[in-house]
1. Residues in the range 2-43 that are assigned to a strand (DSSP E or B), open to solvent by 20 Å² or more (accessible area, probe 1.4 Å), at pLDDT below 60 and over 14 Å from K85 (Cα atoms): how many?
2. Quick one: in the range 44-102, of everything that is touching an Asp or Glu at 6+ places or on another chain (Cβ under 6 Å) and part of a strand (DSSP E or B), which residue is most open to solvent (accessible area, probe 1.4 Å)?
Amino acid sequence: IITFSVEDVDVYASWFGNPGDAYVTIKQWLGSVVGYSSQYNDSSWSASQCLGPPKVYPRYGDINGAWAPSASTGTQEFLEFGIEKPCRITKLNIYETYNTGGIVKVII
């Protein structure tokens, strides 16, 4: 596994709300960090950089403002997030902004 940065994740979701409510499509950013295997530091390369709107994308490169793992090679890493409004996720965009191709699995 090579170093990669996950900069932004936006969630498109279907939300029904209360029974009888109209079907609504919403877009929301990740709301909280639930867990992670490592992070390069506690600020500019931390897991919390994935929260909210993009800080790096649409730019690409070794740019702070994205999550990066503490080790640059030889590890498998994970990130776990929560969203603010519970919903049925219908679309998930993940932007790798450096050394792309590192994501091997997404569990929703």
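1. Here the count works out to 1.
2. Out of the qualifying residues, it is Y98.
The values are calculated or read from the model by the stated rules, or taken from the named source; none is laboratory data. A quick note: this is a predicted structure, and the numbers were derived from the prediction, not measured. In this analysis, Cβ positions are derived from the backbone assuming ideal geometry, glycine residues included, and neighbour counts consider all displayed protein chains. When the accessible area is computed, the model is the full protein with side chains, heavy atoms only, and any ligands, DNA or RNA have been set aside. Shrake-Rupley method; radii C 1.70, N 1.55, O 1.52, S 1.80 Å.
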